[in-house]
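One structure, as structure tokens, below. Some questions next.
The values are calculated or read from the model by the stated rules, or taken from the named source; none is laboratory data. Remember, predicted model here, so these are calculated numbers, not experimental data. As a convention, Cβ positions derive from the backbone with ideal geometry for all residues, glycine included, and neighbour counts pool all protein chains shown.
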């Protein structure tokens with residue numbers, strides 16, 4: 001369990017970000033979550049309150065050849081996967097929600113891979 005010392009500032013950043021960012025039908029919100037073992041990404045329409053596309057390192061459609069499911073290679077594969085799923089539904093533009101995490105490491109790798117695969121932030 002994470003200590004409150006590390007968790008509280010992230011929650012405060014998350015709330016501050018979510019006050020400014022909202023997903024619409026034209027530009028849904030791409031939200032990233034990282035746990036200690038896995039990575040999760042959702043594309044959400046906040047107006048309707050529903051998830052349009054989701055992908056994680058736990059899913060069956062994720063690359064099973066990767067040995068580690070939480071490193072930079074897994075993040076790149078996940079970013080590419082979410083972009084392909086979004087493009088199949090006709091979603092090309094999204095608003096990136098880093099969910100209070102710093103924009104580096106795995107979060108940045110997901111964003112860069114999604115941009116390379118065709119999503120526009």
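Since residue 61 meets every condition but one in (1) touching a helix residue (DSSP H, G or I) at 6+ places or on another chain (Cβ under 8 Å); (2) surrounded by 11 or more Cβ atoms within 10 Å (Cβ to Cβ); (3) in a loop (DSSP other than H, G, I, E, B), which condition does it not meet?
Looking at each condition in turn, residue 61 falls short on (2).
Rundown of residues vs (1) at pLDDT 95 or above; (2) in a helix (DSSP H, G or I), yes/no style:
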site	(1), (2)
73	no, yes
79	yes, yes
83	yes, yes
87	yes, yes
90	yes, no
99	no, no
102	no, no
109	yes, yes
113	yes, yes
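Scan the range 13-35 and report the pairs whose first residue is more than 21 Å from residue 55 (Cβ to Cβ) and whose second residue is surrounded by 14 or more Cβ atoms within 10 Å (Cβ to Cβ), with Cβ atoms within less than 6 Å and a gap of 6+ or a chain change.
13/100; 22/46
Since residue 68 meets every condition but one in (1) surrounded by 14 or more Cβ atoms within 10 Å (Cβ to Cβ); (2) touching a helix residue (DSSP H, G or I) at 6+ places or on another chain (Cβ under 7 Å); (3) without any contact (Cβ under 8 Å) to a residue 40 or more places away in the chain; (4) in a loop (DSSP other than H, G, I, E, B), which condition does it not meet?
(1)
Residues 53, 107: which one is under 26 Å from residue 19 (Cβ atoms), in contact (Cβ under 8 Å) with a residue 40 or more places away in the chain and either surrounded by fewer than 19 Cβ atoms within 10 Å (Cβ to Cβ) or in contact with a helix residue (DSSP H, G or I) (Cβ under 9 Å, 6 or more places away or on another chain) (or both)?
107
Yes or no: the range 32-45 includes at least one residue that is over 15 Å from residue 111 (Cβ atoms) and modelled with pLDDT of 95 or more.
Yes, there is a match, as at least one residue in the range 32-45 is over 15 Å from residue 111 (Cβ atoms) and modelled with pLDDT of 95 or more.
Give me the residue from the range 46-58 that is farther than 12 Å from residue 110 by Cβ and outside any loop (DSSP other than H, G, I, E, B) and, out of that set, farthest from the chain's Cα centre (by Cα).
Out of the qualifying residues, it is 50.
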